[in-house]
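Trainee: Dropping a structure here in structure tokens format, bear with me for questions.
The values are calculated or read from the model by the stated rules, or taken from the named source; none is laboratory data. Here the structure is a predicted model, which means the values were calculated and not measured. Please note: Cβ atoms are built from the backbone with ideal geometry, for glycine as well, and neighbour counts cover all protein chains shown. The accessibility values were calculated without ligands, DNA or RNA, using every heavy atom of the protein model including side chains. Shrake-Rupley method; radii C 1.70, N 1.55, O 1.52, S 1.80 Å.
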Amino acid sequence: MKINNLAVYCSSSDQIDQAYFDDADVLGVVMANKNINLVYGGGMRGLMGQVAQSVKQNHGKTIGVVPEALRIEGVVNTIDDELIITPDMHTRKAKMIALAEGFIGLAGGFGTLEEMLEVMTLKQLGYHEKPIIFLNTAGYYNHLFAMFEHIYAENFAKEEYRQLYQVCDTAEQAIDYLTGYKPPSLPAKWFV
Ligand code: AMP
């Protein structure tokens, strides 16, 4: 599958281990080399800032999508090819989803989790069929995946819904997954 725009959801924190920045850096390099544009939250902090900087340094294109309330100097990046300002956070998230042909989550906090779970929820309801990847730097998301297993074991979601998302250990693996992606055929969400 040819991906033109990839949405990257990731941390806005600067106070995290270097390993997370390294993966964000590699992802930016690989995206630029493959001519995949970055769609992201437009922040200059944390992994968002890192991935955008790497894409730009390698002659790729970045599209920041920022809600009006977060258009703050020192918060919003100034290096983007395109900066889209939205009236609010809901519009911003919808815009990112519409622009992107795939989604990847790097390590992050509540904002990242919310974004990843939103695209998973929309996919399980059939609103889209786009690829969703967790880049599991240093096993960061292992506790979340254990929670997902608990969800399947307790029948809060069907086991086949593991196909909603792919777990990758490296950015290269993630790009390979996107290239070969075909939407899964999932059973109806409802347990009847
Ligand atoms: P968190 O994981 O809580 O650090 O939140 C990061 C995620 O929330 C990113 O993927 C962004 O899309 C969004 N986000 C957080 N801070 C900002 C910001 N200052 N500007 C735009 N988006 C942000």
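Trainee: Using the Kirkwood radius over Cα pairs, work out the Stokes-Einstein diffusion coefficient for region 1-60 at 25 °C and 0.890 mPa s, in µm²/s as a whole number. Show your work: numbers first, answer last.
Mentor: Working: Rh = 11.2 Å.
Reported coefficient: 218 µm²/s.
Trainee: Between residue 70 and residue 128, 0.36 nm times their residue separation minus their Cα-Cα distance comes to what?
Mentor: Details: separation 58, 0.36 × 58 = 20.88 nm, distance 2.75 nm.
Full extension of this stretch gives 18.1 nm more.
Trainee: So which chymotrypsin sites (Phe, Trp or Tyr not before Pro) in region 140-192 are both in a DSSP loop and have at most 15 other Cβ atoms within 10 Å of their Cβ? Present the calculation step by step, with values, prior to reporting the outcome.
Mentor: Numbers: sites: 140, 141, 145, 148, 152, 156, 161, 165, 177, 181, 190, 191; in loops: 140, 141, 156, 165, 181, 190, 191.
Passing sites in region 140-192 are 156, 190, 191.
Trainee: Might you work out the accessible area of residue 185 for me, using a 1.4 Å probe with all protein chains in place, and round it to the nearest 10 Å²?
Mentor: For residue 185, solvent-accessible area is about 110 Å².
Trainee: Shifting gears a bit: To make sure I understand the rule: partners must be lysines, Cα under 27 Å from the Cα of residue 123, and not fewer than 8 residues away in the same chain. Which ones qualify?
Mentor: Answer for residue 123, where 27 Å is the Cα cut-off: 2, 34, 61, 93, 95, 158, 182, 189, listed by chain and number.
Trainee: So how do 25, 169 rank on accessible area, 1.4 Å probe, biggest first, that is with the largest at the start? Walk me through the numbers before you get to the answer.
Mentor: Details: 25 60, 169 95 Å².
Result of the area sort, largest leading: 169, 25.
Trainee: Convert 37 °C to kelvin, take the viscosity as 0.692 mPa s, use the Kirkwood radius over C-alpha pairs of region 109-192 as Rh, and evaluate the Stokes-Einstein diffusion coefficient in µm²/s, rounded to a whole number. Before the final figure, lay out the partial values.
Mentor: Values: Rh = 13.7 Å.
In µm²/s, the coefficient rounds to 240.
Trainee: Highest GNM mean-square fluctuation, the chain, Cα pairs closer than 10 Å: which of 74, 43, 64?
Mentor: 74
Trainee: FRET efficiency for residue 191 and residue 98, Cβ-Cβ distance as r, R0 = 35 Å, nearest 0.05? Don't skip to the answer; put the middle values down first.
Mentor: On the way: r = 30 Å, r/R0 = 0.87.
Computed FRET efficiency for residue 191 and residue 98: 0.70.
Trainee: What FRET efficiency comes out for the pair residue 81/residue 138, r = Cβ-Cβ distance, R0 = 30 Å, nearest 0.05? Before the final figure, lay out each step's value.
Mentor: Details: r = 31 Å, r/R0 = 1.03.
Rounded to the nearest 0.05, the efficiency is 0.45.
Trainee: In whole percent, how big is the carbon plus sulfur part of the accessible area of region 5-179, probe 1.4 Å, protein atoms only?
Mentor: On the way: 4320 of 8300 Å².
Of the solvent-accessible surface of region 5-179, carbon and sulfur hold 52 percent.
Trainee: Sticking with this structure for a sec: Per residue, what accessible area does region 5-179 have, given a 1.4 Å probe and all protein chains present, in Å²?
Mentor: Here the per-residue accessible area is 47 Å².
Trainee: Helix-derived [θ] at 222 nm for the chain: sum -39500 (n - 2.57) over DSSP H runs of at least 4, divide by residue count, nearest 500? Working shown, then result.
Mentor: Numbers: 6 runs with 76 residues, N = 192.
Mean residue ellipticity, 222 nm, calculated: -12500 deg cm²/dmol.
Trainee: Regarding the chain, what are the three Cα extents along the principal axes, ordered largest first, in Å?
Mentor: 51, 33, 33
Trainee: Additional query: Considering only DSSP beta bridges with both partners in region 36-111, what is the antiparallel share in %, to the nearest 5? Don't jump to the answer; show the numbers that get you there.
Mentor: Numbers: 1 of 9 bridges.
Taking every DSSP beta bridge within region 36-111, about 10 percent pair in antiparallel fashion.
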